[in-house]
Each structure stands twice: as structure tokens, then as C-alpha cells.
Amino acid sequence: QVQLVESGGGLVQAGGSLRLSCVASRSITTFNTMGWYHQAPGKQRELVALISSGGGTKYEDSLKGRFTISRDNAKNTVYLQMNSLKPEDTGVYYCYADYLAYDYWGLGTQVTVSS
């Protein structure tokens, strides 16, 4: 079993920044992939960014340059640095982990960007 706990969400003005954190209940070096997904109000959950156990990253094309995913293996934590935030970035951000071919999700953290 894996528990993922997100934090760092909140209310921010357009153009501002937030850093989300996701702490895992076990060593993240054992995970194949971790990442972040975004669910805007009334919409489906969509990929934001992934990071592999080897450190390789993948981003949703429209977010490249504004969002950065990183990991700290010693802290069992994955981060999402979000810059130049826009109102359309509003929504719940979920942490994701692929462990032994099972998908695990956190409960999410709310991000609200005001215009």
C-alpha cells in the first residue's frame, strides 16, 4: 500500500507562484513513475507532469516553461513548482504514483488563481 499526501495549494493572484509537495509513505525510489494531474472544475483529470525513477520528465505541452516537476528521494517527496499562474490553472492537483503496476492517488490539494 502507498499513501500520497499533497500540500501547498491555496489562493494566489494571477502571475503568482506556488510549490506543491507530495509526500509518499514509502521510498519513492521504488516507484516507476510519479507525477501530478490537474482537475479543473467540471472537467476531467488531466496530466500535468511526470517524473520517472531515473529522473526523466514529461510535461503537458502547454505547461512547459511554467511548471517544473522535481523529486527529493531522501524526503520521499515530489514537487511541482508552478509559476506565472493563470486563472485556468485553478482546480485540484493530484499526486500520482505507479508502484508495482498499480496506480495510487493522493486526495488532492486545491489551487485557486484569481484574476
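Observations on the structure shown:
- Straight-distance candidates among the lysines for linking to Lys64, with alpha-carbon spacing under 16 Å and chain neighbours fewer than 8 residues away dropped: Lys86.
- Surface composition of the chain: carbon and sulfur atoms hold 47% of the protein heavy-atom accessible area at a 1.4 Å probe.
- Rounded if a/c under 1.5, otherwise prolate or oblate - the range 7-46, Cα gyration tensor axes: oblate
- Per residue, the average separation of C-alpha pairs within less than 8 Å and at least 6 apart gives the chain a relative contact order of 37 percent.
- Solvent-accessible area of Glu46, all protein chains in place: 110 Å² (probe radius 1.4 Å, heavy atoms, ligands and nucleic acids excluded).
- Rounded to the nearest 20 debye, the dipole magnitude of the chain is 180 debye, with +1 charges on Lys and Arg beta carbons, -1 on Asp and Glu beta carbons, and the Cα centre as origin.
- Cleavage-rule hits (trypsin sites (Lys or Arg not before Pro)) in the range 25-91: DSSP loop, at most 12 neighbouring Cβ within 10 angstrom: Lys43
- Per-residue SASA entry for Tyr93, accessible area with 1.4 Å probe, Å² rounded to 10: 0 Å²
- Length released on extending from Ser27 to Ser84, taking residue separation times 0.36 nm less the Cα-Cα span: 17.4 nm
- Å³ per residue enclosed by the Cα convex hull of the chain: 93 Å³
The values are calculated or read from the model by the stated rules, or taken from the named source; none is laboratory data. Keep in mind that this is a model prediction, so the values were computed, not measured. Note that each Cβ is placed from the backbone with ideal geometry, even for glycine, and that neighbours are counted across all protein chains shown. Side chains are part of the model used for accessible areas, which takes the heavy atoms of the whole protein and leaves out ligands, DNA and RNA. Shrake-Rupley method; radii C 1.70, N 1.55, O 1.52, S 1.80 Å.
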